[in-house]
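Notes for the one structure printed next.
The values are calculated or read from the model by the stated rules, or taken from the named source; none is laboratory data. Fair warning: this is a prediction, and the values are worked out from it, not measured in the lab. Cβ coordinates were reconstructed from backbone atoms using ideal geometry, including for glycine residues, and neighbour counts include every protein chain displayed.
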Ligand code: SF4
Ligand code: SF4
Ligand code: FES
């Protein structure tokens, strides 16, 4: 029988406004474990390393394949998805903490509403009337499709906000993800019809002007979205738009 084990230190918090505390857990080693599967083991038997019965650790997860972003947390000091954090690649004891830029709901679950509110603010969708057949959509070159696909891989996980010095629990800055989504929807032939409204949202409070160009976001994005390129591209689009307005265009 294997004597190896997996040790975890989990930062816990019973409710949004209660004080955080740490608990340590130890589960038997199994190959192929990831952070979520270990948290599931703990949920089956919520006992701390020193044998004290406790409440099951709360976390969020859905897709289990790095597509939904729900399981994002800070693992050994690095913000990433728990479902793809393989135990064999992590130093032990493994430290799990909730992201810090979002309100904690409980334990490792946070409320990422600010990201979804930002997407609403920039109108990150293509308004089409789905009540009747609109016929085939506009044709896109393979290059445009490919680039659009890259930008569309954003899963609103929050990694880029977590590492951004301009995002704080109280700042209004929308963060790089929403800015990059403006680029995606403004480059689409139908989305382009509402490009101006999206640009106005970027010019408003908490918009692009709050970015300090620290570039942490692009390094943290698990989907390798060229966030700083998107920020620069949207900056240029805003400038063009303002010049056009000045010249009466
Ligand atoms: S470039 Fe820097 S300041 Fe701007 S969104 Fe990225 S991390 Fe934040
Ligand atoms: S841009 Fe990248 S890091 Fe930011 S929310 Fe989207 S997937 Fe996550
Ligand atoms: S559970 Fe969806 S990204 Fe991890």
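For region 44-69, name all the residues that are under 19 Å from residue 160 (Cα atoms) and in contact (Cβ under 8 Å) with a residue 40 or more places away in the chain.
60, 66, 67, 68, 69 - these are the residues of region 44-69 that are under 19 Å from residue 160 (Cα atoms) and in contact (Cβ under 8 Å) with a residue 40 or more places away in the chain.
Would you be able to tell me the number of residues in region 170-188 that are touching a helix residue (DSSP H, G or I) at 6+ places or on another chain (Cβ under 9 Å) and surrounded by fewer than 19 Cβ atoms within 10 Å (Cβ to Cβ)?
The initial filter retains those residues of region 170-188 that are touching a helix residue (DSSP H, G or I) at 6+ places or on another chain (Cβ under 9 Å), namely 171-188.
From the residues that got through so far, the ones that are surrounded by fewer than 19 Cβ atoms within 10 Å (Cβ to Cβ) too are 171-172, 187-188.
So the answer is 4.
Yes/no matrix, rows are residues, columns are (1) within 16 Å of ligand 3 (Cβ to nearest atom); (2) assigned to a loop (DSSP other than H, G, I, E, B); (3) under 22 Å from residue 176 (Cβ atoms); (4) touching a strand residue (DSSP E or B) at 6+ places or on another chain (Cβ under 8 Å):
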| site | (1), (2), (3), (4) |
| --- | --- |
| 80 | yes, no, yes, yes |
| 100 | no, yes, yes, yes |
| 129 | no, yes, no, no |
| 139 | no, yes, no, no |
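Specify the residue that is surrounded by the most Cβ atoms within 10 Å (Cβ to Cβ); the eligible residues are those in region 77-88 that are more than 12 Å from ligand 2 (Cβ to nearest atom) and closer than 25 Å to residue 153 by Cα. Break it down into steps so the answer makes sense when it comes.
Initial filter on region 77-88 (more than 12 Å from ligand 2 (Cβ to nearest atom)): 77-78, 82-88.
Next cut, closer than 25 Å to residue 153 by Cα only: 77-78, 82-86.
Numbers: 77: 7, 78: 14, 82: 24, 83: 21, 84: 15, 85: 22, 86: 13.
If we take residues in region 77-88 being more than 12 Å from ligand 2 (Cβ to nearest atom) and closer than 25 Å to residue 153 by Cα, then 82 is surrounded by the most Cβ atoms within 10 Å (Cβ to Cβ).
With more than 12 Å from ligand 2 (Cβ to nearest atom) and crowded, with 16+ Cβ neighbours inside 10 Å as the only criterion, which of 93, 142, 103, 136 stands out?
93
Yes/no matrix, rows are residues, columns are (1) at pLDDT 95 or above; (2) surrounded by fewer than 16 Cβ atoms within 10 Å (Cβ to Cβ); (3) within 16 Å of ligand 2 (Cβ to nearest atom); (4) at positive phi:
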residue: 18; (1), (2), (3), (4): yes, yes, no, no
residue: 24; (1), (2), (3), (4): yes, yes, no, no
residue: 32; (1), (2), (3), (4): no, yes, no, yes
residue: 36; (1), (2), (3), (4): yes, no, no, no
residue: 67; (1), (2), (3), (4): yes, yes, yes, no
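Would region 44-56 turn up any residue that is assigned to a helix (DSSP H, G or I) and on the phi < 0 side of the Ramachandran plot? Lay out the reasoning, then the answer.
We begin by selecting, within region 44-56, every residue assigned to a helix (DSSP H, G or I); these are 44.
If we keep only those that are on the phi < 0 side of the Ramachandran plot too, we end up with 44.
Looking for residues that are assigned to a helix (DSSP H, G or I) and on the phi < 0 side of the Ramachandran plot, one finds at least one in region 44-56, hence yes.
Just to verify a result, which residue in region 215-249, among those that are within 27 Å of residue 68 (Cβ to Cβ) and part of a loop (DSSP other than H, G, I, E, B), is modelled with the lowest pLDDT?
Quick first cut of region 215-249, residues within 27 Å of residue 68 (Cβ to Cβ) only: 215-231, 233-234.
If we keep only those that are part of a loop (DSSP other than H, G, I, E, B) too, we end up with 215, 221-226.
Values: 215: 92, 221: 98, 222: 98, 223: 98, 224: 97, 225: 98, 226: 98.
Here the residue is 215.
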